[in-house]
Amino acid sequence: MVHERHGLDLPYEEQREWGTTLLPRDEVVACIEATHSDENILGAEPYPGAVETVSEWHRQGHWIHITSHRRDYSRDATARWLDRIGMPYDDLHCSFDKVTRCVELGIDVLVDDSPVNLIKAKREGIVGATLIHPWNEQVVAAGDAIGAASWEELRVKLAPSLS
């Protein structure tokens with residue numbers, strides 16, 4: 001999105017924190033908002049193994065709450081996308097404060113990529129888990145979250161927390 005709008009590359013391996021100094025904050029926010037358009041949500045592809053892993057957890061009887069860092073107006077498109085990809089879920093919430101919602105619902109495990117959310121989850125007694133990305137690898141290295149390179153690996157690492 002940033003490349004299309006501004007001709008800038010933001011290489012994945014260099015994404016270490018929220019934001020960039022290459023664009024004004026308002027432009028970064030506008031790019032993120034654009035990724036949350038119905039068209040972009042509905043055209044997205046899940047991470048390999050995500051649907052299979054969450055489906056297995058659901059079959060095992062785990063209650064699946066999906067909370068997305070999107071505005072509430074994105075909820076319908078998000079629900080349609082989840083249905084399209086075959087992702088089972090029991091509850092869907094779009095909010096910028098995922099951890100507060102998880103605490104309200106009594107969630108035991110939060111799978112998220114945000115270092116802020118992973119640390120907040122740990123403080124609330126929630127097990128944080130993530131696919132490892134450049135921006136969250138330090139949280140995993142510090143022991144503040146369970147991290148894995150793939151959904152399959154994450155399923156194995158989370159098994160003790162989900163038993």
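Okay, here's what the table says:
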{"read-out": "Pairs where the first residue, in the range 88-107, is closer than 22 Å to Pro46 by Cα and the second is among the hydroxyl-bearing types (Ser, Thr, Tyr) and part of a loop (DSSP other than H, G, I, E, B), C-beta under 9 Å, 6+ apart", "value": "Lys98/Ser114"}
{"read-out": "Every pair of residues 6+ apart whose Cβ atoms lie under 8 Å, when the first sits in the range 43-57 and is in the same structural domain as Trp151 (by TED's automatic domain parsing) while the second is loosely packed, with under 13 Cβ neighbours inside 10 Å and small (Gly, Ala, Ser)", "value": "Val51/Gly86; Ser55/Gly86"}
{"read-out": "Single residue of the range 117-158 satisfying the filter (within 23 Å of Glu52 (Cβ to Cβ) and of a type in the set (Val, Ile, Thr)) that is surrounded by the fewest Cβ atoms within 10 Å (Cβ to Cβ)", "value": "Val156"}
{"read-out": "Conditions (1) under 15 Å from the mean Cα position of the chain (by Cα); (2) farther than 25 Å from Asp72 by Cβ: number failed by Ser163", "value": "(1)"}
{"read-out": "Qualifying residue in the range 60-72 (condition: at pLDDT below 95 and polar (S, T, N, Q))", "value": "yes"}
{"read-out": "Residues that are hydrophobic (A, V, I, L, M, F, W, C) and farther than 25 Å from Glu153 by Cα, drawn from the range 69-114", "value": "Ala77, Ala79, Cys94, Phe96, Val103, Leu105"}
{"read-out": "Hits in the range 57-86 (condition: more than 14 Å from the chain's Cα centre (by Cα) and either surrounded by 15 or more Cβ atoms within 10 Å (Cβ to Cβ) or of a type in the set (Asp, Glu) (or both))", "value": "Trp57, His58, His62, Asp72, Ser74, Arg75, Asp76, Ala77, Ala79, Trp81, Asp83"}
{"read-out": "Residues that are surrounded by 14 or more Cβ atoms within 10 Å (Cβ to Cβ) and either among the acidic types (Asp, Glu) or in contact with a His (Cβ under 6 Å, 6 or more places away or on another chain) (or both), drawn from the range 36-51", "value": "Asp38"}
{"read-out": "Residue in the range 14-24 that is surrounded by fewer than 12 Cβ atoms within 10 Å (Cβ to Cβ), assigned to a helix (DSSP H, G or I) and modelled with pLDDT of 95 or more present", "value": "no"}
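The values are calculated or read from the model by the stated rules, or taken from the named source; none is laboratory data. Predicted model only: the values in this text are computed from it and were never measured. Because the Cβ atoms are built from the backbone with ideal geometry, glycine has one as well, and the counts that use them run over all protein chains shown.
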